[in-house]
Amino acid sequence: MSTTPTQQEAEPEEQYDSALVTARRQLERAATHIDVDEGVIERLKHPTKVQQVSVPLERDNGEVEVFTGYRAQHDDVRGPYKGGLRYHPEVTAEECTGLSMWMTWKCAVMDLPFGGGKGGIAIDPKSLSADETERLTRRFAEEIRDVVGPTKDVPAPDMGTDAQTMAWFMDAYSMQQGETIPGVVTGKPPVIGGSYGREEAPGRSTAIAAREAIQYEGHEVSETTVAVQGFGSVGANAARLLEDWGATIVAVSDVNGALYDPDGLSTHEIPTHDEEAEAVLEQDAPQTISNEDVLELDVDVLIPAAVGNVITADNADAVEADIVVEGANGPTTFAADTILEERDVTVIPDILANAGGVTVSYFEWLQDINRRQWTLEEVNEELEDKMLSAWADVREEVEAKDLTWRDAAYVVALSRIAEAKATRGLWP
Ligand code: NAD
């Protein structure tokens, strides 16, 4: 079944806004700062298409269960749709649509030749054996085969999926196409066309964004204190790089709480979520504190890198950091953002800070198409270049229009999309 929403649905009253509400609000806000055709804004409030499929799965005990999968495609004016596939019980068409819009802005602010996509299956991945995950993934690949492809829509790992999931997806797609097509997904293991440095990339870009923000505010990284919430792929890689560059990492946390040492933690010695899940509190440190306390520490830089909606109207006044760098997607609610702005706290938005993931996905796609693997050094150098270039573009808007970094990032993204639409024109 394929549905194309044309009307704005009634939005649910939730404690925090959904990704779709936030994405639309950011779009409207950015539109007030630039001269864009109303029709373009209206178009961008809706996805091009949301594909909904049924995914039957034969469980290990022989029983068949049917799950619902989605692929939302927001806008492809600048290139193929790009975005994650997540396996999570709360995956819905609306959530995928909102997240696909965020991907459109993220790709555009990084000036990548992609539009936004997102999809997944409403399922608890922990309830599946490895064999069941493989069967589910292969069947899902088959169900959405018509709408994906290296020049159409390129999925990547997300919550509940990983490099192995992408390998199965790529294999299933390739088998049906009759040839090996590595560029249909990114985030694969390097042995089948994945890119070196992909896993570390969102943490690396978060660290680069933090470094640039620190220097922009006139400080040295080596004289900076940093607190990081979440010690997974994003948080741990960002913390370790910033420590390597001389920063003092005073706190890191996992879901159970945080280690705190005002003299600085040795972040390379603390296992990441991947190395040993939820083992942060098992390490030695002078003090342990709660995840709420991490957000309120008197540090120079705070990096929320765990989950969304952690800085809210309830605690934004208590944030002591001068700079917040969003490693996680959507860690700051709209209300909190306003409070932080009033308090002159610099917030570097997720669509810029953690965009290293999609940027190295773009590098992976290029490597797949050209059949040439880059070294880790090449990947990191190119990522550094892309981040500095996006940083400069956003900074220009911050300074020219006196905007927050978030508004400026959306203005950069929307300007590029609007210009592409105006240049291509509307057909027929
Ligand atoms: P991960 O699973 O590797 O690690 C998450 C970490 O956060 C773990 O240490 C976990 O214990 C901790 N955590 C979980 N719930 C928490 C809570 N309620 N409070 C405090 N800590 C909690 O995840 P990740 O890949 O690092 O992703 C983190 C965030 O970054 C997510 O918002 C994700 O969407 C975003 N992100 C990830 C990528 C990527 O490619 N990995 C790219 C862009 C954005």
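The values are calculated or read from the model by the stated rules, or taken from the named source; none is laboratory data. Source: prediction; values computed, not measured. Note that each Cβ is placed from the backbone with ideal geometry, even for glycine, and that neighbours are counted across all protein chains shown. Only protein heavy atoms, including side chains, enter the accessible area calculation; ligands, DNA and RNA are left aside. Shrake-Rupley method; radii C 1.70, N 1.55, O 1.52, S 1.80 Å.
Only a single item in (1) within 12 Å of the ligand (Cβ to nearest atom); (2) open to solvent by 10 Å² or more (accessible area, probe 1.4 Å) is not met by Ala251, and it is number (2).
Residues are listed down the side, and each one gets a yes or a no for (1) closer than 30 Å to Glu396 by Cα; (2) among the charged types (D, E, K, R):
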| position | (1), (2) |
| --- | --- |
| Asp171 | no, yes |
| Glu212 | yes, yes |
| Ala239 | yes, no |
| Gly264 | no, no |
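For segment 83-95, does any single residue satisfy the condition of being open to solvent by 10 Å² or more (accessible area, probe 1.4 Å), without any contact (Cβ under 8 Å) to a residue 60 or more places away in the chain, more than 25 Å from Leu414 (Cα to Cα) and among the hydroxyl-bearing types (Ser, Thr, Tyr)? Yes, segment 83-95 has at least one match.
Answer with yes or no whether Val358 is touching a strand residue (DSSP E or B) at 6+ places or on another chain (Cβ under 8 Å), open to solvent by less than 70 Å² (accessible area, probe 1.4 Å) and in a helix (DSSP H, G or I). In short, yes.
Within segment 32-48, residues that are in contact (Cβ under 8 Å) with a residue 40 or more places away in the chain reach partners that are aliphatic (A, V, I, L, M) and open to solvent by less than 40 Å² (accessible area, probe 1.4 Å) with beta carbons closer than 6 Å, at six or more positions or on different chains, in the pairs His33/Val411; Ile34/Val411; Val36/Ala418; Val40/Ala418; Leu44/Leu27; Pro47/Ala72. For segment 335-349, the candidate set comprises residues that are open to solvent by 10 Å² or more (accessible area, probe 1.4 Å) and assigned to a helix (DSSP H, G or I); within that set, the residue that is farthest from the ligand (Cβ to nearest atom) is Glu342. Only residues that are within 10 Å of the ligand (Cβ to nearest atom) and either open to solvent by 20 Å² or more (accessible area, probe 1.4 Å) or not in a strand (DSSP E or B) (or both): list them for segment 254-269, please. Residues satisfying the conditions are Val255, Asn256.
Within segment 203-238, restricting attention to residues that are away from the ligand (no atom under 14 Å from the Cβ) and in a loop (DSSP other than H, G, I, E, B), which residue is surrounded by the fewest Cβ atoms within 10 Å (Cβ to Cβ)? In this case the residue turns out to be Gly218. Quick check on segment 286-310: of everything there that is of a type in the set (Gly, Ala, Ser) and at pLDDT 95 or above, which residue is farthest from the ligand (Cβ to nearest atom)? By that ranking, first place goes to Ser290.
Results for (1) under 23 Å from the mean Cα position of the chain (by Cα); (2) closer than 15 Å to Ile34 by Cα; (3) open to solvent by 80 Å² or more (accessible area, probe 1.4 Å), shown as yes or no for each residue.
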position: Asn370; (1), (2), (3): no, no, yes
position: Gln373; (1), (2), (3): no, no, yes
position: Glu384; (1), (2), (3): yes, no, no
position: Ala390; (1), (2), (3): yes, no, no
position: Glu397; (1), (2), (3): yes, yes, no
position: Ala409; (1), (2), (3): yes, yes, no
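Residues are listed down the side, and each one gets a yes or a no for (1) within 30 Å of Asn315 (Cβ to Cβ); (2) touching a helix residue (DSSP H, G or I) at 6+ places or on another chain (Cβ under 6 Å); (3) touching a residue at least 12 places away in the same chain (Cβ under 8 Å):
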{"residue": "Tyr362", "(1), (2), (3)": "no, no, yes"}
{"residue": "Trp365", "(1), (2), (3)": "no, yes, yes"}
{"residue": "Gln373", "(1), (2), (3)": "no, yes, yes"}
{"residue": "Gly425", "(1), (2), (3)": "no, no, no"}
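Selection of segment 319-328 for residues being surrounded by fewer than 24 Cβ atoms within 10 Å (Cβ to Cβ) and within 16 Å of the ligand (Cβ to nearest atom) yields only Val319. If you take the residues of segment 174-192 that are of a type in the set (A, V, I, L, M) and more than 22 Å from the chain's Cα centre (by Cα), which of them is farthest from the ligand (Cβ to nearest atom)? Applying the filter and picking the extreme gives Met175. Where residues in segment 21-36 are among the basic types (Lys, Arg) and within 16 Å of Glu94 (Cβ to Cβ), which of them is most open to solvent (accessible area, probe 1.4 Å)? In this case the residue turns out to be Arg25. Of all the listed residues (Asp171, Asp158, Asp162), the sole one being within 13 Å of the ligand (Cβ to nearest atom), among the charged types (D, E, K, R), open to solvent by 30 Å² or more (accessible area, probe 1.4 Å) and free of Cβ contacts under 8 Å to residues at least 60 places away in the same chain is Asp162. When Leu112, Leu136 are checked against the criterion of being assigned to a loop (DSSP other than H, G, I, E, B) and hydrophobic (A, V, I, L, M, F, W, C), a single residue qualifies: Leu112. For the residues Ser129, Ser195, the requirement of being within 16 Å of the ligand (Cβ to nearest atom), in contact (Cβ under 8 Å) with a residue 24 or more places away in the chain and open to solvent by less than 50 Å² (accessible area, probe 1.4 Å) singles out Ser195.
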